[in-house]
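Step one of this worksheet: look at the structure below.
The values are calculated or read from the model by the stated rules, or taken from the named source; none is laboratory data. It should be emphasised that the depicted structure is a prediction, and the values quoted were computed from it without experimental measurement. FYI the Cβ positions are ideal-geometry reconstructions off the backbone, even for glycines, and counts take in every protein chain you see.
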């Protein structure tokens, strides 16, 4: 589900990119002021369904072929349960990110990335896009400002029509500028990824419409197995992302992410999903923290 949500965020970013113009920098405390050659160093820790890991990311501000600023990160020094982990990712791999409101976010290239690194790569991208979005919109200018961004795209699908008959999710963004601390030189923004309030995700069977969490279900998948039966699941995936931003230049100082995932699934005999077996529930909580490494 994490990868699916990633591409929803990217798609929403692209829509905003075409629909809005950049906010004026002086009125926007989240504006990123780039300086070519600037170095960034982060340490990320994560807990994913009981698995503890840590990894370092070292970045540098450069310009791309079009002259736009980007941040290129190299990932190193990963540990799993406190023990060093060897990574198979090519040494020259760099993750490209940007907070430039004039550049639409793009999905990370993880084709040659060690599977253990996919989580850190997509999580850092989430921090960046969650800051890019309110900065681009220019809607959070003073402490207490709040904006609910209704996803204009509709459900994102990963169905292939063969094994995965239905695979869709949908999220909205609930954004608040929690504080602006001039003395500390930082601003704190909170971005929540939430299920749509109006239940816009199409669900095939009545049992799928009962919320599995505190909000509307925003994820559904139906697979057909080799025996001709249907494995159907529905769920709720939400994020609460807090990002502390430097008022001096808009770079990320630190961030935290809490990502609860709740699903229920059943094996059904019919495509209408009315003749189904026992309901199975699964809950996972991911907690990610990232901060500057001194």
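Annotations for the structure displayed:
- One residue from 289, 283 being at pLDDT below 95, part of a strand (DSSP E or B) and either surrounded by 15 or more Cβ atoms within 10 Å (Cβ to Cβ) or in contact with a strand residue (DSSP E or B) (Cβ under 9 Å, 6 or more places away or on another chain) (or both): 283
- Residue match in segment 218-225 (condition: touching a residue at least 12 places away in the same chain (Cβ under 8 Å), farther than 30 Å from residue 273 by Cα and within 17 Å of the chain's Cα centre (by Cα)): no
- Against the test of being part of a helix (DSSP H, G or I), modelled with pLDDT under 95 and within 22 Å of the chain's Cα centre (by Cα), the options 113, 9 yield a single qualifying residue, 9.
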